[in-house]
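Take a look at the structure set out below.
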Amino acid sequence: MSERFDAIVVGAGPAGCSAAYAMAKEGLHVLVIERGEYPGSKNVSGALLHSHVLSSLFPNFWEEAPVERFVTQRKLSFLTPDTSLTVDFRDDYFAKPPYNGFTVLRSKFDPWLAKKAEDAGALIMTGTQVDDFLWEGDRVMGVKTRKQDGEVLAHVVIIAEGANSILTQKAGLRGDMSPHEMAIGAKEVIRLSEEIINERFNLKGNEGASIHYIGECTGGVPGGGFLYTNMNSISLGLVCRISDLAKKRLKIFELVERFKSHPHIRSLIAGGVLKEYSGHMIPEGGYKAIPKLFRGGLLVVGEAASLNFNNGLILRGIDYAMASGMAAARTVSLARSNGDFSEKGLSRYRKELEGSFVLKDMKRFKGLPDILSNPRIFSTYPDLLCSLGREMFQVTGGERRRVLSIFNEVRRREGSRAGIGRIIKDLLKMGYQI
């Protein structure tokens, strides 16, 4: 392809398409290269979309975008093999525009967002693999694809290819990823009727529920489960750190099957039909794992830049991806105005992210990955809470005891792992970071 673009975006997920849309709206000549058959065909996440970033691009987007439900229920559930203890938060405020968040199916949402970029003037090329860069000295000048005559020139390349970003490594912006910095997610989409979903989750209309699980669902290793209600299906899955699975010789798909058989989950998905199964790598290293984000002719956005947030209660990736894509677009637009696509000219991208919630959040909560490595959070404390619940609500006809007395007995039964000093220390650490 002899044509030269202002920017090439590698990857047509939320980060790449947000960048492409914003640049195209500014009149830049943009090419998006996607290796899947269509945008979204290889993109996987839960998926819960927090709407604040998308609203800045498309006000009232929910009136046309293929969103599933707006989330009014947020739950956190602790599991042991046969019990569950759930904290349930509901707010009617979340049922009003501009809404707080939506459940989405990426196979529907991503093509819609890509079409928006295309309508703005971006060219989208699917079914095309980018293998390497074109260089002029130490500056990127384009990409090499597997197509015949597959060299494409551009002033800037934006890497938006997701967590397993080989191009980020080839550009010298990061070394090999550690298994301790990466998680693997497995997700099933299970078909259920709208009526059954509304009845089981006490929903009405387009209201939706988001439930996160800690404990038995991951076999006690650091990680968690999730359940999101779509209009006519449920998204159910697990996320676990790769190093912890390897250490305990656990397989994520086996854990998913065990998760589905838990009494709490089994009743929620009863009668459902499996529509889709998918897996995805997720960067979980936090702020310390963020690679260098730019060099001459090159920027990195979204999961390729390890821009994810997980505090055990809230999982955020799509809004971080879109915000980074928009920051990259602003950087490229200014670089074109200045005629400077050098490393110095593109260094503004880091400043853009530092001025936004993306790096402010990740820096403020940079200790989360270490805290969420604590196995007591995923085994000892769910057991402790569920055992406490059983003792509190079980009626035997004997003398009724105070809650503190019950707690101390349960804690002693759990042994040294639930020492009061250790519990207080863990709670303080979690409270400071969460």
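Quick note: the coordinates plus some simple rules give every number you see, no bench work behind them. If you're wondering where the values come from, they're calculated on a predicted model, not measured in any experiment. All Cβ positions, even for glycine, are placed from backbone atoms using ideal geometry, and neighbour counts span all protein chains on display.
What is the dipole size for the stretch 313-417, taken about its Cα centre, with +1 at each Lys and Arg Cβ and -1 at each Asp and Glu Cβ, in debye to the nearest 20? Present the calculation step by step, with values, prior to reporting the outcome.
Values: 20 positive and 12 negative charges, 47 e Å.
That gives a dipole near 220 debye.
I want to verify the translational diffusion coefficient of the chain in µm²/s; compute it with Stokes-Einstein, Rh as the Kirkwood radius over Cα pairs, at 37 °C and 0.692 mPa s.
Details: Rh = 22.9 Å.
It diffuses with D of about 143 µm²/s by this estimate.
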Next item on the list: Enumerate the amide H contacts of Met182 below 5 Å, restricted to partners 5 or more residues apart or on another chain; note that Pro and chain-start residues carry no placed amide H.
Entry: Ile242, Ser243, Glu284
Margin query: If you split all Cα-Cα distances of the stretch 57-191 into 10 Å bins from zero, what percentages do you get per bin, shortest first?
Written below: 8, 23, 27, 24, 13, 4, 0
Next item on the list: Mind telling me which of Arg316, Arg411, Arg200 comes out most flexible in a GNM of the chain, alpha-carbon contacts under 10 Å?
Entry: Arg200
Check: Using Cα atoms only, what is the angle between the long axis of helix 403-414 and the major principal axis of the chain, expressed in degrees (0 to 90) to the nearest 10?
Finding: 70
Margin query: I'd like the Karplus ³J(HN,Hα) series for the stretch 339-353: coefficients 6.51, -1.76, 1.60, θ = phi - 60°, whole numbers in Hz, and an x wherever there's a Gly or Pro.
Written below: x, 9, 10, 6, 4, 5, x, 9, 5, 4, 4, 4, 5, 4, 5
Check: Taking amide H positions as placed 1.01 Å from N in the peptide plane, with prolines and chain starts having none, which residues 5 or more places from Gly101, or on another chain, fall under 5 Å of its amide H?
Finding: Ser51, Val71
Notebook entry, point to check: Applying the Karplus parametrisation 6.51 cos²θ - 1.76 cosθ + 1.60 with θ = phi - 60° to the phi angles of the stretch 257-268, what ³J(HN,Hα) value in whole Hz is obtained for each residue in order, glycine and proline being reported as x?
Noted result: 4, 5, 4, 5, 8, 5, x, 5, 7, 4, 6, 7
Margin query: Quick one: 3J(HN,Hα) in Hz for the stretch 207-223, Karplus 6.51/-1.76/1.60 with θ = phi - 60°, rounded, Gly and Pro as x.
Written below: 5, x, 10, 10, 10, 10, 10, 10, x, 4, 4, 10, x, x, 8, x, x
Note to self: Would you report the distance distribution of C-alpha pairs in the stretch 1-95 as whole percents per 10 angstrom bin, up to the bin with the largest distance?
What the structure shows: 12, 30, 28, 18, 8, 3, 0
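Which value, in Å to one decimal place, does the Kirkwood hydrodynamic radius take for the stretch 180-283 when every pair of different Cα atoms is included?
Details: mean 1/r = 0.0711 Å⁻¹.
Roughly 14.1 Å, rounded to one decimal.
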Next item on the list: Be a star and scan the stretch 222-236 for residues whose amide nitrogen sits under 18 Å from the point 7 Å along the Cα-to-Cβ vector of Glu276.
Entry: 226-236
Next item on the list: Note down the nm distance, to one decimal, between modelled labels 7 Å out along Cα→Cβ at Phe357 and at Asp91.
Entry: 1.2
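How high is the relative contact order of the chain, in percent, with contacts defined as C-alpha pairs under 8 Å that are six or more residues apart?
Computed value for the chain: 20 percent relative contact order.
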Notebook entry, point to check: GNM, the chain, Cα, under 10 Å: largest mean-square fluctuation among Ile159, Ile211, Ile282?
Noted result: Ile211
Next item on the list: Rounded to the nearest 10 degrees, what's the angle between the helix 420-433 long axis and the longest principal axis of the chain, both from Cα atoms, 0 to 90?
Entry: 30
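Once R0 is set to 35 Å, what does the formula 1/(1 + (r/R0)^6) return for the Cβ-Cβ distance between Arg330 and His180, expressed as a FRET efficiency to the nearest 0.05? Walk me through the numbers on the way to the answer.
Values: r = 33 Å, r/R0 = 0.96.
It comes out at approximately 0.55.
Working out 0.36 nm times the residue gap between Tyr38 and Asp132, then minus their Cα-Cα distance, what length gain in nm do you get to one decimal?
Using 0.36 nm per residue and subtracting the Cα-Cα distance, I get 31.7 nm.
Go ahead and run the numbers for FRET between Arg266 and Ile424, Cβ-Cβ distance against an R0 of 45 Å, rounding to 0.05.
Numbers: r = 36 Å, r/R0 = 0.79.
Between Arg266 and Ile424 the formula returns 0.80.
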Check: Which peptide among 401-407, 283-289 comes first, and what is the full order, when sorted by highest mean count of other Cβ atoms within 10 Å?
Finding: 283-289, 401-407
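Only Cα pairs under 8 Å and at least 6 apart count here; give the relative contact order of the stretch 180-283 as a rounded whole percent.
Numbers: 191 pairs, mean separation 44.3, N = 104.
It rounds to 43 percent for the stretch 180-283.
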Next item on the list: Quick one: which residues, 5+ away or cross-chain, put their amide H under 5 Å from the amide H of Val300? H built at 1.01 Å from N.
Entry: Ile159
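Between Phe253 and Leu404, what length comes free when the chain is fully extended (0.36 nm per residue of separation minus the Cα-Cα distance, one decimal in nm)?
50.4 nm
Taking the Cα centre of the stretch 180-283 as the origin, how large is its charge dipole in debye, to the nearest 20, when only Lys and Arg (+1) and Asp and Glu (-1) carry charge on their Cβ atoms?
On the way: 13 positive and 11 negative charges, 70 e Å.
Using Cβ point charges on Lys, Arg, Asp and Glu, the stretch 180-283 gives about 340 debye.
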Note to self: Between 0 and 90 degrees, rounded to the nearest ten: what's the tilt of helix 106-120 against the longest Cα principal axis of the chain?
What the structure shows: 30
